[in-house]
Amino acid sequence: MIAFGPVPSRRLGYSLGINHIPPKHCSYSCVYCQVGRTTQLETKPQVFYPVELILAEVEQKIHESSKAGRAIDFLSLVPDGEPTLDKNLYQLIKGLSTFRIPVAVISNASLLDRDEVQEALCLADWVSLKVDTLNDSDWHRIDRPHGSLSLSSVLTGILAFRKQFQGELVTETMIISGINDDKQSMLQLTNYLQELQPFKSYLSIPVRPPAESWVKAPDNESIRIILDVIQQELPFAEVLFDQENADFESTGNMVDDILAILAVHPIYENALRSMLKKAGADWSIIEGLLKAGTISTIQYRDKLFFISNFHNKKEI
Ligand code: SF4
């Protein structure tokens, strides 16, 4: 199945996903990739599926959704690999545009120094590009690129694309403990993003099982530094440090449940409140944990994060 959903997405509303690259053809082998290690590390585009087949599946899904009364906000190219490795990308996005639903593409940006890739992505309405680091050795450690790629070409390609793209450009950065979570890395990143001026810059930490088990989210001290830097330097940044807990089910011990989640990643106050509500528990549990010094809070703009004070110890 190439087309799936529509599924709710934090950034794209209801998104009909299109998986037009088989696992795992990619130009990167990111240590945090949720699809696992890249088995086909490559930069040469090829034809994976006929465009007509993809469009027929998408049309069928649109038809089914419309019959079920479900709106679709975006048709999203979110494959199990790098979408710009599709040789037919231009024709595919052009074909998708005929459905009159905005088209989104999530790319690692590694091939954006190529004119044909820029041309194809310019047909989309919303493009997300990966900018994990400005540091060459960190780039090799985090994204593990194909040997023919160079970070400076990638960064230049992104800036060139920005100049001609008429749609909404966003960036994504994954912050990994011990690699790109220090102040210097954050300042380099913010300098570049200030020059790029995307519509939004999303910063994430690993909250789902990564390709490499040693990959960890930054500790609380680093999270404080990161929030501090972007709060001052990047008004268009948004942090996605928690994962959606819509599927949260309590084991019956709410304190343990909350501590288990907080040991892995921070949670926004609103998310915490809805988890408690779903479990029929009340806020006094949180007050108790705060009073005992087991958890604490970090204010970020108008939001309050809750973090575990034992985050590091649990990871040793
Ligand atoms: S670029 Fe995306 S698909 Fe490729 S390895 Fe990185 S996270 Fe996985």
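Structural remarks
- The set of residues in the stretch 56-82 being open to solvent by less than 40 Å² (accessible area, probe 1.4 Å), within 16 Å of the ligand (Cβ to nearest atom) and of a type outside the set (A, V, I, L, M, F, W, C) consists of Ser76, Pro79, Gly81, Glu82.
- Selection status of Leu53, in the same structural domain as Thr39 (by TED's automatic domain parsing) and either within 16 Å of the ligand (Cβ to nearest atom) or free of Cβ contacts under 8 Å to residues at least 12 places away in the same chain (or both): no
- Every residue from the stretch 117-149 that is away from the ligand (no atom under 16 Å from the Cβ), open to solvent by 10 Å² or more (accessible area, probe 1.4 Å) and in a loop (DSSP other than H, G, I, E, B): Cys122, Leu123, Asp125, Leu134, Asn135
- The stretch 99-111 residues that are touching a residue at least 60 places away in the same chain (Cβ under 8 Å), paired with ones that are among the basic types (Lys, Arg) (beta carbon under 9 Å, 6 or more apart): Ala104/Arg11; Ile106/Lys130; Asn108/Lys130; Ser110/Lys130
- Some residue of the stretch 73-94 being among the acidic types (Asp, Glu), in a loop (DSSP other than H, G, I, E, B), in contact with a His (Cβ under 9 Å, 6 or more places away or on another chain) and touching a residue at least 12 places away in the same chain (Cβ under 8 Å): yes
- Residue within the stretch 24-37 that is in the same structural domain as Glu212 (by TED's automatic domain parsing) and away from the ligand (no atom under 15 Å from the Cβ) present: no
- Of the residues making up the stretch 194-215, those that are open to solvent by less than 60 Å² (accessible area, probe 1.4 Å) and either of a type outside the set (S, T, N, Q) or assigned to a loop (DSSP other than H, G, I, E, B) (or both) are Leu196, Pro198, Lys200, Tyr202, Leu203, Ile205, Pro206, Val207, Pro210, Ala211, Glu212, Val215.
Residue-by-condition table, conditions (1) touching an Asp or Glu at 6+ places or on another chain (Cβ under 6 Å); (2) within 25 Å of Gly167 (Cα to Cα); (3) at pLDDT 95 or above:
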site: Pro45; (1), (2), (3): no, yes, yes
site: Lys61; (1), (2), (3): no, yes, no
site: Gly69; (1), (2), (3): no, no, no
site: Leu92; (1), (2), (3): no, yes, yes
site: Pro102; (1), (2), (3): yes, yes, yes
site: Ser110; (1), (2), (3): no, yes, yes
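- Selection within the stretch 89-116 - open to solvent by 30 Å² or more (accessible area, probe 1.4 Å) and more than 15 Å from the ligand (Cβ to nearest atom): Tyr90, Gln91, Lys94, Ser97, Thr98, Phe99, Arg100, Pro102, Asp113, Arg114, Asp115, Glu116
The rows are residues; the columns are (1) in contact with a Gly (Cβ under 7 Å, 6 or more places away or on another chain); (2) within 26 Å of Gln197 (Cα to Cα); (3) polar (S, T, N, Q); (4) not assigned by TED's automatic domain parsing to the domain that holds Glu168.
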{"residue": "Pro45", "(1), (2), (3), (4)": "no, no, no, no"}
{"residue": "Arg70", "(1), (2), (3), (4)": "no, no, no, no"}
{"residue": "Gln91", "(1), (2), (3), (4)": "no, no, yes, no"}
{"residue": "Thr133", "(1), (2), (3), (4)": "no, yes, yes, no"}
{"residue": "Leu149", "(1), (2), (3), (4)": "no, yes, no, no"}
{"residue": "Ser153", "(1), (2), (3), (4)": "no, yes, yes, no"}
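- Selected residue [open to solvent by 70 Å² or more (accessible area, probe 1.4 Å) and closer than 26 Å to Gln91 by Cβ] from Gln166, Gln184: Gln166
- Looking across the stretch 2-23 at every residue that is assigned to a loop (DSSP other than H, G, I, E, B) and more than 9 Å from the ligand (Cβ to nearest atom), the one that is surrounded by the most Cβ atoms within 10 Å (Cβ to Cβ) is identified as His20.
- All positions within the stretch 4-21 that are modelled with pLDDT under 90 and closer than 17 Å to Gln46 by Cα: none
- Residue tally, condition surrounded by fewer than 21 Cβ atoms within 10 Å (Cβ to Cβ) and in a helix (DSSP H, G or I), over the stretch 223-234: 7
The values are calculated or read from the model by the stated rules, or taken from the named source; none is laboratory data. Predicted model only: the values in this text are computed from it and were never measured. We place every Cβ from the backbone using ideal geometry, glycine too, and count neighbours over all the protein chains shown. These area figures cover heavy atoms from the full protein model, side chains too; ligands, DNA and RNA do not enter into them. Shrake-Rupley method; radii C 1.70, N 1.55, O 1.52, S 1.80 Å.
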